[in-house]
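Right, one structure below, let's go through it.
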Amino acid sequence: MDLRVRSDLHALPAGSIEREHRVRAFTLAGLRDLLRDYGVDHGPVLEEAGLSAEAVDDHLAWISLEKLANALTVAARVTGDRYFGLKHGSRGRFTSNPLGYLLSNAPDLKTGLRYFARYHPVLATNHLEFVESAGVARVEFSYPVTMSNVVQLTDFVLMRFVTRIRGAAGSHWRPVAVGLTHRPPADLSEYERRIGPRISFDQPVSSVTISAATLALPMPNADPQLFHLVKRFCEEEIERQKAVNHPLNGIREAMIRCLHQGSFGPKHVAAELGLTPSSLHRRLKAEGTSFLRLLNDTRRCLTYRYLMESSLKLTDIAARVGYSELSAFSRASRRWFGTSPRSFRRTSPNLDDAA
């Protein structure tokens, strides 16, 4: 049986009726220096992504998660480096933020990752879980379905976790397995050199799998008193943030989980949320939408991401978004994008590649 530790807050959805997703500005720490190594000025990169230099100077300030993803994508493009996200993720000081302090001062890696997942909303509002099953554990993370430009961001966060775990396990540590939502690059050597050979692409969620022996490792130089102080700070910060949580994000996430399971009607989504169908209907009505409207929009956003960033076959994409027949999926794609899914994939710009 899986034991899951989720963030206490759901992400804040973007869009006309939903708030923008957020991340702390310290996530950009080190970007300026890395770009300088490529001979690139960070100012135009941030400007094109919609960020100001002043906005990222306050490390605890909130910035747009989508704009962070855009900044990493622009950086990959202007440097011509498809692996920019991986390289940025391997740099930086992890104790420069509350969750970095929390993890580095936990009694062992397992405890640190459990609390990292629980208090993840202190850092960002995307989805993250710590899942324990059959003697191993996985850190699973994903990004709002309303965001499509997340390949470099996904690689960045993956490398951050690998580097954090190596703080306890040593620089030569390799995950049991890694899953990534995006398509594989033509050359896997950079991934294999930095992470190891057990990497699967086109997965429903991104994940890092860690063995029981690694989880049991003590964190070097941990300070128990500092761990409890930072834990208390995170608990207080979570309570402050609950006031700005938006209910539609949790419903979207439940819809996505149900779509992946193949049962996504109101009854199944309500059960996933621990609600009755009537309670779910009332919540949606209070937010000015309906189950079918939100489900259709969620399917559209998922399809856009899969077509743009994965190498999945169209039949597999159709199944992941709840269509058993390719013809029905194609009709939906024409409604959403004005063209067939095959044409949309062929004619759209590739958002994830630097070249």
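The values are calculated or read from the model by the stated rules, or taken from the named source; none is laboratory data. In this text, all values refer to a predicted model and were calculated from it rather than measured experimentally. Every residue, glycine as well, gets a Cβ built from its backbone with ideal geometry; the counts of neighbours run over all protein chains shown. The protein model used for the area step is the full one, side chains on, heavy atoms only, and it has no ligands, DNA or RNA in it. Shrake-Rupley method; radii C 1.70, N 1.55, O 1.52, S 1.80 Å.
Residues checked against (1) open to solvent by less than 60 Å² (accessible area, probe 1.4 Å); (2) under 30 Å from PRO266 (Cβ atoms); (3) among the acidic types (Asp, Glu); (4) touching a strand residue (DSSP E or B) at 6+ places or on another chain (Cβ under 9 Å):
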residue: THR154; (1), (2), (3), (4): yes, no, no, yes
residue: ARG164; (1), (2), (3), (4): yes, no, no, no
residue: ALA177; (1), (2), (3), (4): yes, no, no, yes
residue: PHE227; (1), (2), (3), (4): yes, no, no, no
residue: GLU253; (1), (2), (3), (4): yes, yes, yes, yes
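Okay, residues lined up against (1) over 21 Å from LEU103 (Cβ atoms); (2) among the acidic types (Asp, Glu):
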residue	(1), (2)
VAL178	no, no
ILE195	no, no
VAL208	no, no
ASN221	no, no
ILE238	no, no
GLU253	yes, yes
HIS260	yes, no
SER279	yes, no
Within the range 125-134, take every residue that is of a type in the set (A, V, I, L, M) and either open to solvent by 10 Å² or more (accessible area, probe 1.4 Å) or closer than 16 Å to GLU253 by Cα (or both) and give me the one that is modelled with the lowest pLDDT.
ALA134
Can you pull out the residues in the range 25-53 that are part of a helix (DSSP H, G or I) and within 20 Å of the chain's Cα centre (by Cα)?
ALA25, PHE26, THR27, LEU28, LEU31, ALA49
For residues that are assigned to a loop (DSSP other than H, G, I, E, B), farther than 22 Å from ASN70 by Cα and in contact (Cβ under 8 Å) with a residue 40 or more places away in the chain, tally how many sit in the range 153-186.
2
Can you tell me which residue is nearest to THR154 (Cα to Cα) among those in the range 298-326 that are β-branched (Val, Ile, Thr) and open to solvent by less than 10 Å² (accessible area, probe 1.4 Å)?
THR303
So, in the range 328-355, of the ones that are open to solvent by 60 Å² or more (accessible area, probe 1.4 Å) and among the small types (Gly, Ala, Ser), which residue ends up modelled with the lowest pLDDT?
ALA355
Please specify each residue of the range 225-268 satisfying the condition of being touching a Pro at 6+ places or on another chain (Cβ under 8 Å), at pLDDT below 90 and under 30 Å from ASP108 (Cβ atoms).
PHE233, GLU237, ILE238, GLN241
Under 20 Å from the mean Cα position of the chain (by Cα), crowded, with 20+ Cβ neighbours inside 10 Å and not aromatic (Phe, Trp, Tyr): does that describe ASN105?
no
Looking at (1) exposed (fewer than 13 other Cβ atoms within 10 Å of the Cβ); (2) hydrophobic (A, V, I, L, M, F, W, C); (3) not in a helix (DSSP H, G or I), which is the only condition ALA222 fails?
(1)
Members of the range 51-63 that are within 22 Å of PRO121 (Cβ to Cβ) and surrounded by fewer than 19 Cβ atoms within 10 Å (Cβ to Cβ):
ALA55, ASP58, HIS59, LEU60, ALA61, TRP62
Looking only at the range 279-297, decide whether some residue is open to solvent by less than 70 Å² (accessible area, probe 1.4 Å), touching a helix residue (DSSP H, G or I) at 6+ places or on another chain (Cβ under 9 Å), within 22 Å of THR73 (Cβ to Cβ) and part of a helix (DSSP H, G or I).
no
